[in-house]
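The values are calculated or read from the model by the stated rules, or taken from the named source; none is laboratory data. Source: prediction; values computed, not measured. Positions of Cβ are generated from backbone atoms using ideal geometry, with glycine treated the same way; all protein chains shown enter the neighbour counts.
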Amino acid sequence: MTYVQTIQPQLWRTDAAGGPLQHFSRPQLPQRQEQQHFPSLDDKPQFPGASAEFIDKLEFIQPNVISGIPVYRVMDRQGQIINPSEDPHLPQEKVLKLYRSMTLLNTMDRILYESQRQGRISFYMTNYGEEGTHVGSAAALDNTDLVFGQYREAGVLMYRDYPLELFMAQCYGNVSDLGKGRQMPVHYGCRERHFVTISSPLATQIPQAVGAAYAAKRANANRVVICYFGEGAASEGDAHAGFNFAATLECPIIFFCRNNGYAISTPTSEQYRGDGIAARGPGYGILSIRVDGNDVFAVYNATKEARRRAVAENQPFLIEAMTYRIGHHSTSDDSSAYRSVDEVNYWDKQDHPISRLRHYLQSRGWWDDEQEKAWRKQSRKKVMEAFEQAERKPKPSPSLLFSDVYQEMPTQLRKQQEALARHLQTYGEHYPLDHFEK
Amino acid sequence: AAQRRHVAHFTFQPDPEPQEYGQTQKMNLFQAITSALDNSLAKDPTAVIFGEDVAFGGVFRCTVGLRDKYGKDRVFNTPLCEQGIVGFGIGIAVTGATAIAEIQFADYIFPAFDQIVNEAAKYRYRSGDLFNCGSLTIRAPWGCVGHGALYHSQSPEAFFAHCPGIKVVVPRSPFQAKGLLLSCIEDKNPCIFFEPKILYRAAVEQVPVEPYNIPLSQAEVIQEGSDVTLVAWGTQVHVIREVASMAQEKLGVSCEVIDLRTILPWDVDTVCKSVIKTGRLLISHEAPLTGGFASEISSTVQEECFLNLEAPISRVCGYDTPFPHIFEPFYIPDKWKCYDALRKMIN
């Protein structure tokens, strides 16, 4: 009894016209059976570790980085559909929601970035240039699909109608913050919207997302888990762990990599030497695709199809969304130290997800300059109102410093909480108690 | 004559057969673990067990029979990657399902340190209780085994004791192990359960077949005494029990023996109550002296019980070296070192 398994060799092929052969490059992995087979006497490799033919020519496989995995797109840089059969034909309301989510996020980013500069909040991270990756993917998911993010995916929450008040509450750490003021700004979380709270360590969410997907599979939940991370985080061991577990344990998960060209100051040429992140997928047995992250329809189509198949087939998908980080890494960064203004301007002016979608909307007659002007005014007003409210609210009571370490408060911790209370009774004048609830 | 490999440095003392939990069966430590896992998977349909080599039964046989009984989607191997095992387990727990992760040796838990300390321990706090991974339990074989050397003998509880948000538990026996493991699995906080590997076969006693719980964060006074308090956990409890007998016999000294059981959060009240009575404290663990958990106990006890102390608090621990192979008999805090330290405390 021979043990036969067919895996397509991983060569990046194009068709005769030089276009991509198929969207998802395909290692065809049937279910691996429990290994109970004895080697046969055929002159084929019998090793349990690989399914392949013999070769008698010594040849190293050349990693293909000059002509890497092609970038799937639907619109050109002017927002015109290239291949009409790829147009997802989303209804007007949905496309407007995509547009409004991106622009509202952009407006909120401007105001909150500025508020950090003015010392009103301690820290902020903008999403400039990557809004398309957030809303394109969010729009392709069910509202109950579980999201694990890194820190630059606020547009996913925006698309899921997370209120401005709560974005601001978290950044201000005020009394309305669902996170009870425990974390730095932009570490959002929302149980109701199935968005797991962000943590600062990079890539730690990747194997966690895989575990959540496994549990969803066991529960027959018909849910996908999506896990966002940057191309820098993809270098972490946790990324390798997550990919390998997702494939071997057959988990319904979408790995969504935002490849925005930089990890703080580190360009991709110093982050990896292979063909980006998408090329790693097949190494794990994962169906993979590279898309134009600034094309919301491309992001939408890829995520939609990945979701459908991940849930139906219980296997992971890897989407590498190519984009560009127009803003600084964070308010603690000045990117002019490591990249040119010209480079940034190119992306801001020539290839921006918001302007590309606006051109699409305008060419459909679904948007015009007047609506644009009105919406800019309205969205700015909404943001300013939420901002002013957030500024005025007090911070949570200092007693909340001590809760939720465990589900129940341990005796020793309660003693420490009481010690702080006593300390504040005597020395309270040296603490900013006026800004905090009792 | 050829040197014989030495005999164990302790004698396992079984506890009397428990009466209050129904029918019992003779079990060794790994069988008691299997029994706890079996009970868990039977009553909690979301519970899954995973890690390296758990499918065939585990390198220490703790999961024998469970895959056949509960299915391959519930008892399964993972790739060889501790950070993945723990991260994956956290993710399962975030959805509310019960995750029981095995790390093959406590010595290999360190790749998972970030996931445990930065993620699992902080999940509830950092999210304002929106999310948690309380239904995660991590099990790992722990402690000296006679020949384990640097990487099959470690007791890393001190690293984790410094991490608010997780619980750390070490049983001394099969009966304790089953009850404590069940409590860890059911506890709504992520728990690390260290299993003294030298006891897997060596410790045999009557263990209830049905599930039962032993509370966490409660130390047990296993022998009352009036002159000295001895504190240990895991295998070392059997060493100090013997030291208590030696002290009684040779010195006429009455020792109170405490099994700490939970390292974090630890039962300060039971230990302090004992020291207030006896005035003397000796703490013993295999892990190296400096920064070992005895330092935390010692520090807290001198704060709380300073005026009751008749002698400096004594710590009898492993040396500040990696765990050696051929020198193990000299490295471990055996009964002679504990007895000697006790003797000095009496004078």
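Of all the listed residues (B:VAL7, B:VAL59), the sole one being exposed (fewer than 13 other Cβ atoms within 10 Å of the Cβ), among the hydrophobic types (A, V, I, L, M, F, W, C) and out of contact with any Phe, Trp or Tyr (no Cβ under 7 Å at 6 or more places or on another chain) is B:VAL7. The residue that is surrounded by the fewest Cβ atoms within 10 Å (Cβ to Cβ), counting only those in region A:201-227 that are assigned to a loop (DSSP other than H, G, I, E, B) and more than 8 Å from every other protein chain (Cβ to nearest Cβ), is A:ASN220. For region B:104-121, residues that are surrounded by fewer than 24 Cβ atoms within 10 Å (Cβ to Cβ) and either of a type in the set (D, E, K, R) or touching a helix residue (DSSP H, G or I) at 6+ places or on another chain (Cβ under 6 Å) (or both) total 4. Scanning region B:91-112 for residues that are more than 18 Å from the chain's Cα centre (by Cα), farther than 23 Å from B:SER40 by Cα and either within 8 Å of chain A (Cβ to nearest Cβ) or of a type outside the set (A, V, I, L, M) (or both) yields a single hit, B:PRO111. Only residues that are of a type outside the set (A, V, I, L, M), out of contact with any Ser or Thr (no Cβ under 8 Å at 6 or more places or on another chain) and within 11 Å of A:CYS257 (Cα to Cα) were counted in region A:267-325, giving 1. Within region B:65-90, being surrounded by fewer than 21 Cβ atoms within 10 Å (Cβ to Cβ), more than 9 Å from every other protein chain (Cβ to nearest Cβ) and in contact with a helix residue (DSSP H, G or I) (Cβ under 6 Å, 6 or more places away or on another chain) holds for one residue alone: B:TYR70.
A residue that is in contact (Cβ under 8 Å) with a residue 12 or more places away in the chain, in the same structural domain as B:ALA140 (by the TED database) and within 26 Å of A:ALA246 (Cα to Cα) cannot be found anywhere in region B:21-35.
Just one residue in the set A:SER265, A:SER288 is more than 9 Å from every other protein chain (Cβ to nearest Cβ), of a type outside the set (Val, Ile, Thr), crowded, with 22+ Cβ neighbours inside 10 Å and in contact with a Lys or Arg (Cβ under 9 Å, 6 or more places away or on another chain); that residue is A:SER288.
Screening B:PRO208 with (1) touching a residue at least 24 places away in the same chain (Cβ under 8 Å); (2) of a type outside the set (A, V, I, L, M); (3) surrounded by fewer than 22 Cβ atoms within 10 Å (Cβ to Cβ) gives one miss only, at (3). Against the test of being among the polar types (S, T, N, Q) and under 22 Å from the mean Cα position of the chain (by Cα), the options B:SER245, B:SER274, B:SER254 yield a single qualifying residue, B:SER274.
So that you can scan it fast, the table gives a plain yes or no per residue for (1) without any contact (Cβ under 8 Å) to a residue 40 or more places away in the chain; (2) within 14 Å of another protein chain (Cβ to nearest Cβ); (3) in a helix (DSSP H, G or I); (4) hydroxyl-bearing (Ser, Thr, Tyr):
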position: A:GLN378; (1), (2), (3), (4): yes, no, yes, no
position: A:LYS382; (1), (2), (3), (4): no, no, yes, no
position: A:GLN416; (1), (2), (3), (4): yes, yes, yes, no
position: A:LEU420; (1), (2), (3), (4): yes, no, yes, no
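Across region A:178-200, the number of residues qualifying as facing chain B (nearest Cβ under 7 Å) and of a type in the set (Asp, Glu) comes to 0.
Among the residues of region A:311-338, how many are among the small types (Gly, Ala, Ser) and crowded, with 24+ Cβ neighbours inside 10 Å?
Within region A:311-338, the subset among the small types (Gly, Ala, Ser) is A:312, A:321, A:327, A:330, A:332, A:335-337.
Okay, now just the ones that are also crowded, with 24+ Cβ neighbours inside 10 Å, so A:321.
Residues flagged as among the small types (Gly, Ala, Ser) and crowded, with 24+ Cβ neighbours inside 10 Å within region A:311-338 amount to 1.
Would you confirm, using the coordinates I've provided, whether A:ARG307 is of a type in the set (Lys, Arg) and in a helix (DSSP H, G or I)?
Values: of a type in the set (Lys, Arg): yes; in a helix (DSSP H, G or I): yes.
So A:ARG307 passes the test.
In region B:133-153, what residues are buried (at least 24 other Cβ atoms within 10 Å of the Cβ) and either over 12 Å from the mean Cα position of the chain (by Cα) or among the hydrophobic types (A, V, I, L, M, F, W, C) (or both)? Selection gives B:CYS133, B:SER135, B:LEU136, B:THR137, B:ILE138, B:TRP142, B:CYS144, B:SER153.
Only one entry of B:SER155, B:SER183, B:SER173 meets the criterion of being within 14 Å of chain A (Cβ to nearest Cβ) and more than 30 Å from A:GLN183 (Cα to Cα), and that entry is B:SER183. In summary, A:GLU408 fulfils each of the numbered conditions (1) closer than 30 Å to A:PRO207 by Cβ; (2) part of a helix (DSSP H, G or I) with the single exception of condition (2). Return the residues of region A:249-269 that are more than 14 Å from the chain's Cα centre (by Cα), not aliphatic (A, V, I, L, M) and not in a strand (DSSP E or B); say none if nothing qualifies. The answer is A:GLU250, A:CYS251, A:PRO252, A:GLY261, A:SER265, A:THR268, A:SER269.
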